[in-house]
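Step one of this worksheet: look at the structure below.
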Amino acid sequence: MTVRCELNINGGTRRILLVAKEEETVEHVALRLAAAALFFDREPALEVGPTHPAVVDIGFYPDLLVTDEAGGVSIWIECGTVATNKLTKVARRLRAARLVVLKESPEDGRRFREVIKKEIPKGDKIEVWAWPKDEFAKWTGALRESSHIFGEASGRSLNLVLNEVPFDVHLIPC
């Protein structure tokens, strides 16, 4: 799925294009769009690959990335399923960066937090945010190939409209 979206968030406007990779589901694209809205003011990079200067020496690529003024990694964002091996290595290499994982439900978030506790040293630095029950299905259902979002985003909160469907969502920290 490819999503073209005009974002009008917190008084700013940006047009984005999210192109799903072959293995990505609609739900994964929906999480990526949510992350783009949540971190709108930080202007996240939506497509990060081997040529992006901030990740050249890391060997892994995030779903979204926010850089600091010097071009280093400020926030590494993963959406949906992510390998603990990847997070372990990223956390070790990016000690000063925030690591955020978005999950579809509180249950997914809590399960993943338990996995992190068991498998990732110093995993408490990894933030896991989950959509409230039923809200993510509503978000995914509102998503279209040509979409429009307007409203506000702050921290873990989205108070906005996606394609005429209103959302007042506070993602749950897990």
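The values are calculated or read from the model by the stated rules, or taken from the named source; none is laboratory data. Everything quoted here is computed from the prediction, not taken from an experiment. Note that we place each Cβ from the backbone using ideal geometry, even for glycine, and neighbour counts take in every protein chain shown.
Brief remarks on what is shown
- Hey, Val128 touching a Gly at 6+ places or on another chain (Cβ under 7 Å) and buried (at least 22 other Cβ atoms within 10 Å of the Cβ) or not: yes
- Of the residues screened, Glu104 is one that is under 24 Å from Ser146 (Cβ atoms), among the charged types (D, E, K, R) and buried (at least 19 other Cβ atoms within 10 Å of the Cβ).
- Any hit, the stretch 102-118, residues being basic (Lys, Arg), in contact with a strand residue (DSSP E or B) (Cβ under 8 Å, 6 or more places away or on another chain) and within 21 Å of Ile9 (Cα to Cα): no
- The number of residues in the stretch 119-137 that are over 14 Å from Arg32 (Cα atoms) and either basic (Lys, Arg) or not in a helix (DSSP H, G or I) (or both) comes to 10.
- The number of residues in the stretch 138-161 that are in contact (Cβ under 8 Å) with a residue 24 or more places away in the chain and assigned to a strand (DSSP E or B) comes to 11.
- Restricting attention to the stretch 138-167 and to residues that are touching a Ser or Thr at 6+ places or on another chain (Cβ under 8 Å) and not polar (S, T, N, Q), the residue that is modelled with the lowest pLDDT turns out to be Glu145.
- 1 or more residues hydrophobic (A, V, I, L, M, F, W, C) and without any contact (Cβ under 8 Å) to a residue 40 or more places away in the chain: qualifying strands (runs of 3 or more DSSP E) within the stretch 2-105: 12-19, 64-67, 73-79, 98-103
- Output for the stretch 136-150, where each listed residue is surrounded by 17 or more Cβ atoms within 10 Å (Cβ to Cβ) and in contact with an Asp or Glu (Cβ under 9 Å, 6 or more places away or on another chain): Phe136, Thr140, Ala142, Ser147, Ile149
- Applying the set (1) surrounded by 14 or more Cβ atoms within 10 Å (Cβ to Cβ); (2) more than 15 Å from the chain's Cα centre (by Cα) to Val165 leaves exactly one unmet item: (1).
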